[in-house]
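The values are calculated or read from the model by the stated rules, or taken from the named source; none is laboratory data. These numbers come from a predicted model, not from an experiment. All Cβ positions, glycine included, derive from the backbone under ideal geometry; neighbour counts span all protein chains shown.
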């Protein structure tokens, strides 16, 4: 499998009166051909800056980017025709209709006008195509944005929060669309905060925090790398929980006492738990391995899990404030 | 070519463009109608009527003078004598020459004399329209996010902005040329029906053509300045704000202050003088505070003549500065 997109050591620094902020601090990413690749990161982590830089809207301060085998931004005009993209919220000239909007883009890109009708049909806007965009809901604008990205039948589709504003049906349609596009050979780079969606439709992911890559690989690999061996344990009586915790600690396990169960880690085999407890006449009523999901991995890697009693600020994430905060 | 076609379509499709062009044409139509209605052809009947009115006015003046003379004579030796000359023969006696029939003729449209003013009128209205259309054409694209979408399709910033500017200038050029052609034809009809077309020699037509060429250049410069300013600020309001700022700061504020300080030729800072110089080939500004004494003509004010090449130079410098800065910022600034 060849790489459609390669980013190495990408840097972008913003200077202002408040100081210098490193939005991208040596960021790396590789997207293989034919995959749906998830691009995750908390707010302000550098996702949109990465996409804008890749698409030539922002000039990087350093690093190397290769799109479809060509170094960009130098070769961007040559590869732009094969890259469809929406960046951040969909923005269009409100007084034009959806059909006019796409028709003008088709003219600008030298795309056959018949393609306009096809993509409007594809994103479900066929019957509303002659209405002005300013009358559209956020979800409809999002559909139009996806249509504009698909207009040139790209090899690589870059979508920044495509499910934003979509209703549940729309999200499911978008998921199916992504899958169908990937099956047709298109590579999709998908930036989203809906981690459940990413886990469902992506083959691989890259997680960014404070302008740096903190994890990458197939979804299964990333989950496996961060899967804990925790086991949830309940005993017959809640009153026995302190004694059970003591017994398991004595057996070498790490135990966290929750209000109605124990979270037990550092145990090779669950049988050790039943044996240690039975030895003290404590009997297990539930023994369940805790499966890790992408959300928990994301929160762990980016350090953005909510903490009771604290209001996390936008720039507070893994690796910040050392590299990410203003005034460095 | 596809980008140029798209930008031309975008310009024409915009309702703002359509409304502004329609509004400008309505104003021009109103001016044309006003000129048509307030002018009359000088037929023998109109001349005879004017002569009759001149004669009538002369006779009334003679009667008034005779009556005044009687009153003057009667007042001699009375307290009212001071209201009259001491010699009643000194009262002015009107002559027929004082009542030239031409003064009683209705206004008549002389194409050779009056049409260049009409060209300047069209140029001023179209320049204002072109400035706003130019500003909105690129400003609305920036503020709506359309420019970013376009750059995702055509990641060649200078080419995109340059093509937009060319599409605007070609569009405005074609519109202005068509409007000037129609304007010339319509006023030729007005002159034929309500005035005269005499005096339109080959030289006169050449002069009209040159004036119309300068009018077109003025309109295109205004369009490019509006476009450049809005592109610099990435918003239509930037161009309109700059225009209002120039009007308030220079046209009212600075000129008023400099005039109060009796600075020579402060009016030279007024944009309309330069536009007038460009359209009328020259404009003379007088400094009423100065006195160049001449034994034959007495005290004459000092003058500054702004010629059309000087005005053209100023237009060119403004154009290069604004459009050049817009291109430079387009090339170097991030699109966020």
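Miscellaneous remarks
Conditions (1) surrounded by 15 or more Cβ atoms within 10 Å (Cβ to Cβ); (2) within 26 Å of the chain's Cα centre (by Cα), marked per residue:
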| site | (1), (2) |
| --- | --- |
| A:67 | yes, yes |
| A:85 | yes, yes |
| A:93 | yes, no |
| A:100 | yes, no |
| A:104 | yes, no |
| A:107 | yes, no |
| A:111 | yes, no |
| A:115 | yes, no |
| A:135 | no, no |
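- Output for the stretch A:26-45, where each listed residue is part of a strand (DSSP E or B) and modelled with pLDDT of 90 or more: A:26, A:27, A:28, A:29, A:30, A:31, A:32, A:36, A:37, A:38, A:39
- Count of residues meeting criterion [under 19 Å from the mean Cα position of the chain (by Cα) and within 13 Å of another protein chain (Cβ to nearest Cβ)] in the stretch A:150-168: 5
- Taking strands (runs of 3 or more DSSP E) as the structural unit, those lying wholly within the stretch A:46-119 and holding at least 3 residues that are in contact with a helix residue (DSSP H, G or I) (Cβ under 6 Å, 6 or more places away or on another chain) correspond to A:83-86.
- Of the residues screened, residue B:140 is not one that is within 21 Å of the chain's Cα centre (by Cα) and either more than 14 Å from chain A (Cβ to nearest Cβ) or at pLDDT 90 or above (or both).
Matching residues to (1) buried (at least 22 other Cβ atoms within 10 Å of the Cβ); (2) in the same structural domain as residue A:55 (by TED's automatic domain parsing); (3) farther than 23 Å from residue A:6 by Cβ:
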site	(1), (2), (3)
A:131	no, yes, yes
A:143	yes, yes, yes
A:154	no, yes, no
A:165	no, yes, yes
A:176	no, yes, yes
A:195	no, yes, yes
A:199	no, yes, yes
A:204	no, yes, no
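- For residue B:159, the criteria (1) part of a helix (DSSP H, G or I); (2) surrounded by 20 or more Cβ atoms within 10 Å (Cβ to Cβ); (3) facing another protein chain (nearest Cβ under 9 Å) hold in every case but one, which is (2).
- Criterion (within 30 Å of residue A:104 (Cβ to Cβ), touching a residue at least 12 places away in the same chain (Cβ under 8 Å) and part of a helix (DSSP H, G or I)) met by exactly one of B:17, B:120: B:17
- Set side by side, the residues A:81, A:109, A:41 differ, and just one is out of contact with any strand residue (DSSP E or B) (no Cβ under 9 Å at 6 or more places or on another chain), touching a residue at least 60 places away in the same chain (Cβ under 8 Å) and assigned by TED's automatic domain parsing to the domain that holds residue A:165, which is A:81.
- Check on residue B:12, in contact with a strand residue (DSSP E or B) (Cβ under 7 Å, 6 or more places away or on another chain) and in a helix (DSSP H, G or I): no
- Hits in the stretch A:121-149 - residues which are away from every other protein chain (no Cβ under 14 Å), modelled with pLDDT of 90 or more and not in a loop (DSSP other than H, G, I, E, B): A:121, A:126, A:127, A:128, A:135
- Residue in the stretch B:170-188 that is touching a residue at least 40 places away in the same chain (Cβ under 8 Å), in contact with a strand residue (DSSP E or B) (Cβ under 8 Å, 6 or more places away or on another chain), at negative phi and assigned by TED's automatic domain parsing to the domain that holds residue B:23 present: yes
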